[in-house]
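Undergrad: Okay, here's the structure, questions in a sec.
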Amino acid sequence: MDLFAGPGGLDVAAEKLGVAAAGVEWDSAACTTRRAAGLVTVEGDVRLYGPSRFPDADVLAGGPPCQTFTVAGSGAGRRALDDVLAFVARMVAREEREEIAKDLSKMEDERTGLVLEPLRWALEAIDIRDKPYRAIVLEQVPAVLPVWEAYAEILRGEGYSVDCGLLRTEAYGVPQTRKRAVLIARMGKENVRLPSPTHRTYRKGLPRTAGDRGLQPWRTMGEVLPERESPFHVVSNYGTGGDPKARGRRSSSEPSATVTGKISRNRVVAADGSEDRFSPSEAGRLQTFPTDYPWRGRDVGQQIGNAVPPRLAMHVLCAAFGWAPPSDAMLRSLETWKAEAAFVPDARVPEPEVAGVAEYA
């Protein structure tokens, strides 16, 4: 069960691993892409559902919106974090949901409270459904790591083995530098561990051969975009250090910088000086989506930037399930999707009852 499922980054990995997945997502554009890809989709607000409405799901995953947790600016991110940790304590104390919902509605930005939803689902699976999830996988920006650490304490008290920390995507073969806060949990006493890196980490100015010789070199943009004649350079939409004149630059012999929702604004400069932009397929491949993934709907760049890289997701899911790391063949399976499905209707899930959930509407 994938909460805040987006266009399907984690679900693509799950399906390639042979694990059936369903996602709840409220963005209609992302749902359009999911349906074109044949992914089971419930278009709606995560807050209006719970584990009892998906009785067959025994794995919980989630990547809540991250916009309010930035550590930059006026300190709003820090205040949001403190507020969320206070709500976490109230939830583990099993305070009435209606009281928590009432106070959440008073927050400056309603998206801040969404990071609490995976915990609500996990606790309701124990308290109401009486069927704990066998495994839990959560992903967010680095600033949310303290929330995952608070979750870890709670889940350990509920019988889970838990590990959480920061992962660098290029260390798992994603041709992009991107840090993510990840939590994995598995019911039982067997120790769970975040996946071990398979590739070296990128350091600007250092060659691919530098670093741990037991790991593979980091992957480059040129490797996953072979139809583009190398060398090329990517000039970021963002200014380094806030200076709009100091645009970040990466060459085709390096990993991409973090793929954001504004990737369509990045300039791709060829050796002859000509410029263009990444296509949706190219931007998706920098996130390790299949070449033929059927991007649909509006603002595809934002969909791609918000997504979990499927290759990272495959490593994380295998670790959460207690499986061996994904094989080369499994990872290569991410390079192509499947024949585009006909329209797939939303999962047939009963509409949420108004009583008890109206506060979240």
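Undergrad: Looking at region 171-187, which of the residues that are assigned to a strand (DSSP E or B) and touching a Leu at 6+ places or on another chain (Cβ under 7 Å) is nearest to Lys204 (Cα to Cα)? Give the derivation first.
TA: Step one: filter region 171-187 for residues assigned to a strand (DSSP E or B), giving 176, 179-187.
Next, only the ones that are touching a Leu at 6+ places or on another chain (Cβ under 7 Å) stay: 176, 179-185.
Working: Gln176: 13, Lys179: 16, Arg180: 19, Ala181: 22, Val182: 24, Leu183: 28, Ile184: 30, Ala185: 34 Å.
Looking at residues that are assigned to a strand (DSSP E or B) and touching a Leu at 6+ places or on another chain (Cβ under 7 Å), I get Gln176.
Undergrad: A further question on this structure: Got a number for residues in region 107-120 being among the basic types (Lys, Arg) and surrounded by fewer than 17 Cβ atoms within 10 Å (Cβ to Cβ)? Walk me through it before giving the result.
TA: Of region 107-120, the ones among the basic types (Lys, Arg) are 111, 120.
The next check asks that each one be surrounded by fewer than 17 Cβ atoms within 10 Å (Cβ to Cβ); those that pass are 111.
The total comes to 1.
Undergrad: Considering region 214-266 alone, what residues qualify as being at pLDDT 95 or above, more than 24 Å from Thr291 (Cβ to Cβ) and surrounded by fewer than 14 Cβ atoms within 10 Å (Cβ to Cβ)?
TA: Selection gives Gly214 alone.
Undergrad: Would you mind finding the one in Gly301, Gly322 that is touching a Lys or Arg at 6+ places or on another chain (Cβ under 9 Å), of a type in the set (Gly, Ala, Ser), modelled with pLDDT of 95 or more and not assigned by TED's automatic domain parsing to the domain that holds Ser52? Quick ask: steps written out before the conclusion?
TA: Numbers: Gly322 fails: not assigned by TED's automatic domain parsing to the domain that holds Ser52.
Within the list Gly301, Gly322, the selection yields Gly301.
Undergrad: Among the listed residues Pro290, Pro325, which satisfies the condition of being crowded, with 17+ Cβ neighbours inside 10 Å and outside any helix (DSSP H, G or I)?
TA: Being crowded, with 17+ Cβ neighbours inside 10 Å and outside any helix (DSSP H, G or I) holds for just one of Pro290, Pro325, which is Pro290.
Undergrad: Answer yes if at least one residue in region 267-284 is at pLDDT 95 or above, of a type outside the set (Asp, Glu), under 17 Å from the mean Cα position of the chain (by Cα) and within 15 Å of Thr169 (Cβ to Cβ), and no otherwise.
TA: yes
Undergrad: Return the only residue of Asp299, Asp292, Asp328 being over 14 Å from the mean Cα position of the chain (by Cα) and within 15 Å of Glu15 (Cβ to Cβ). Please lay out each step first, then the result.
TA: Details: Asp299 fails: within 15 Å of Glu15 (Cβ to Cβ); Asp328 fails: within 15 Å of Glu15 (Cβ to Cβ).
Only one candidate passes the filter, namely Asp292.
Undergrad: Tell me the residue from Leu183, Leu145, Leu104, Leu123 that is out of contact with any helix residue (DSSP H, G or I) (no Cβ under 7 Å at 6 or more places or on another chain) and crowded, with 17+ Cβ neighbours inside 10 Å, please. I'd like the intermediate steps shown before the answer.
TA: Values: Leu183 fails: out of contact with any helix residue (DSSP H, G or I) (no Cβ under 7 Å at 6 or more places or on another chain); Leu104 fails: out of contact with any helix residue (DSSP H, G or I) (no Cβ under 7 Å at 6 or more places or on another chain); Leu123 fails: out of contact with any helix residue (DSSP H, G or I) (no Cβ under 7 Å at 6 or more places or on another chain).
After ruling out the rest, the residue left standing is Leu145.
The values are calculated or read from the model by the stated rules, or taken from the named source; none is laboratory data. Please read all numbers here as calculations on a predicted model, not as lab measurements. All Cβ positions, even for glycine, are placed from backbone atoms using ideal geometry, and neighbour counts span all protein chains on display.
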